[in-house]
Amino acid sequence: MTMSITTFADAIVFDASSSDPFEGSVVVEGDRITDVVPGPSTPSTLGRVIRMRGMTLLPGLIDAHVHAAAVEADIQQQHHTLFDSEVAVLTARSLTDMLDRGFTAVRDAGGADAGFRRLIERGAIAGPRLLVSGRPLSQTGGHGDSRRATEHLDPAVSAPAIGMTHCIADGPDEVRRAAREEFRKGADQIKVMAGGGVMSPTDRLESVQYSLEELSAAVSAAAAAGTYVLAHAYTPDAIEVCVAAGVRSIEHGNLLDERAAKLMADAGMYLVPTLVTYEKLYELGTGFGIPAANLDKLGSIIEAGLNSLRIAQAAGVRIGSGSDLLGPMRIFQGQEIGLQAQALGAAAAIVAATKTNAELLGIDAETGTIEVGKHADLIAVDGDPLTDPGLLGQPERLQIVMHDGRMHIDRTGSVD
Ligand SMILES: [Zn+2]
């Protein structure tokens, strides 16, 4: 069998491994990048040559914090209004939509199960490389406990079978068992709720959730399974417990201060900011039926978001990139990069959403940069995202989306 060869010629290449873009060509054979040639001369290949003048070639984008199963904006209500079958199909469709937006790998931060990963792997649906967290673990009354104060059903009874479902576990033994249960069902890593959140009905945003003993139980169960824990946390107090327990990434982290940032940097931890979801909840949440009581919680964290990135960058924390968008707001997924660029600069924001996210997810041997030997996960943008990173939030400006060497989108109009 002969492998197909494609040459992207005369592009501006930003490989995300060296900071400067260069003019050059990239050759793809089968599912791999086989040559990267700086300079204006086109390598002589027998394959298809796509002229890329005016376009920038980048590694496929990676989103470290998505909720594919959040098919409606009001995640507390969707399982009361949709059948499981509707949630499943809409979740699958949302994964294809992410690939359409140039995201060739995503980590689901809670909700999607391993079935969606299998659907993509067997080719039943088009989608990015997918790492799932299964059900996030939450303490009673924590960010994953969707019961209102007036409800008294057992959380396992009232939880949806599919969609934005959580596992309530208290005490190290229950947390260990819950983590092992998620691994049994195919989770790639474990998500824990280590502090209060916006979309949960009864917790204070500033609350610290889970003790050191409980978080340590999750971390040791994950380490035994060869993987790690990601933690939802906003405040320095919540982050501090996560650092002590050995958590790998802090999700959101909006209220990060210098002390917590130094602890994270010393421990080699990652921060996954998710600025775009707060902006869109603030702008559009009311229109999408999200209760005012939830939106009122946004106040303190929306202001602090950009500043937390500056603090993290100054302290040397590894900064990744996530969107965390819910329901119809997920169309704004790529806008996270432009928002982060306001604090980090465009190149660093793109590196966060490619190379650094690949390292966080443990897939950096396969993807995240444009280098010979890596899988051919590539996008091309009409224009220069290094001067205008907002381009990455405009999917219609994408000219190429290639995933694992397969052309998913080609708007270049080039013919063989
Ligand atoms: Zn989230």
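The values are calculated or read from the model by the stated rules, or taken from the named source; none is laboratory data. Keep in mind that what you see is a predicted model, and the values were worked out from it rather than measured. All Cβ positions, glycine included, derive from the backbone under ideal geometry; neighbour counts span all protein chains shown. Side chains are part of the model used for accessible areas, which takes the heavy atoms of the whole protein and leaves out ligands, DNA and RNA. Shrake-Rupley method; radii C 1.70, N 1.55, O 1.52, S 1.80 Å.
How far is helix 171-184 tilted, in degrees, relative to the longest principal axis of the Cα atoms in the chain, given as a value from 0 to 90 rounded to the nearest 10? With rounding to tens, the tilt is 40 degrees. For the chain, a crude dipole built from +1 on the beta carbon of Lys and Arg and -1 on the beta carbon of Asp and Glu, taken about the Cα centre, is about 500 debye to the nearest 20.
A full extension of the chain between M407 and V89 corresponds to an added length of 112.1 nm, given 0.36 nm per residue minus the alpha carbon distance. In this structure the amide hydrogen of A105, modeled in the peptide plane, comes within under 5 Å of the amide hydrogens of D63, R129, none closer than 5 places in sequence on its chain. For the range 253-346, the relative contact order comes to 42 percent (Cα pairs under 8 Å, sequence separation of at least 6). If you bin every alpha carbon distance in the chain into 10 Å steps from zero, what whole percent lands in each bin? Once binned at 10 Å, the Cα pair distances of the chain give 5, 24, 33, 24, 11, 3, 0, 0. For the range 32-171, the dipole from Cβ point charges (+1 on Lys and Arg, -1 on Asp and Glu) about the Cα centre works out to 880 debye, to the nearest 20. Estimated purely from DSSP H runs of n ≥ 4, each contributing -39500 (n - 2.57), the mean residue ellipticity at 222 nm for the chain is -9000 deg cm²/dmol once divided by its residues. Each of G253, H375, V13 was placed along the dipole of the chain (beta-carbon charges, centred on the mean Cα), and the one lying farthest toward the positive end is H375. Tabulate in residue order the Karplus-calculated ³J(HN,Hα) for the range 151-157, using 6.51 cos²θ - 1.76 cosθ + 1.60 with θ = phi - 60°, rounded to whole Hz; enter x for Gly and Pro. Per-residue couplings from phi come out as 9, 9, 5, 4, x, 5, 6 Hz. The residues of the range 53-208 present an accessible area of 40 Å² per residue when probed at 1.4 Å with all protein chains retained. Peptide packing: for 100-109, 285-294, 372-381, the average count of neighbouring Cβ atoms within 10 Å per residue gives the ranking 100-109, 372-381, 285-294, highest mean first.
For K262, the aspartates and glutamates whose Cα comes closer than 13 Å to its Cα, not counting residues fewer than 8 places off in the same chain, are E240. Dipole size of the range 1-98 about its Cα centre, with +1 on Lys/Arg Cβ and -1 on Asp/Glu Cβ: approximately 420 debye, rounded to the nearest 20. Give me the percent of Cα-Cα pairs in the range 230-353 that sit more than 26 Å apart, rounded to a whole number. Considering the range 230-353, 18 percent of its Cα-Cα pairs are separated by more than 26 Å.
Across every direction, the projection of the convex hull enclosing the Cα atoms of the range 145-236 has a mean area of 6.2 nm². Considering only T165, V66, L119, whose Cα is most displaced toward the positive end of the charge dipole of the chain, charges sitting on Cβ of Lys, Arg (+1) and Asp, Glu (-1)? With unit charges placed on the Cβ atoms, the residue in question is L119.
Taking the 1.4 Å solvent-accessible surface of the chain as the whole, the part contributed by carbon and sulfur is 51%. The phi-based Karplus calculation (6.51 cos²θ - 1.76 cosθ + 1.60; θ = phi - 60°) puts the 3J(HN,Hα) values of the range 397-408 at 8, 6, 9, 9, 10, 10, 10, 6, x, 8, 6, 8 Hz, whole numbers, x for Gly and Pro.
Could you work out the pair-distance distribution P(r) of the range 1-141 from its alpha-carbon pairs, with 10 angstrom bin width and percents rounded to whole numbers? Histogram of Cα-Cα distances, whole percents per bin: 11, 30, 26, 19, 11, 3, 0. For K185, the lysines whose Cα comes closer than 30 Å to its Cα, not counting residues fewer than 8 places off in the same chain, are K355, K374. For the chain, the longest principal axis of the C-alpha atoms and the axis of helix 275-284 are separated by about 70°. Radius of gyration over Kirkwood radius for the range 293-416, both on Cα atoms: the Rg/Rh ratio is 1.01. Ranked by the mean number of other Cβ atoms within 10 Å per residue, highest first, peptides 270-282, 26-38 order as 270-282, 26-38. Would you mind checking the range 129-143 for residues with the amide N under 18 Å from a putative spin-label position 7 Å along Cα→C-beta of T96? Taking a point 7 Å out along Cα→Cβ of T96, the residues of the range 129-143 whose backbone N falls under 18 Å are 129-130. Considering only G196, G142, G115, the mean-square fluctuation computed in a Gaussian network model of the chain, springs between alpha carbons under 10 angstrom, is largest for G115.
Positive-end ranking of I33, A223, T202 along the dipole of the chain, with charges on Cβ about the Cα centre, is headed by I33. Computed over the range 12-66, the quotient of the alpha carbon radius of gyration and 2.2 N^0.38 Å is 1.25.
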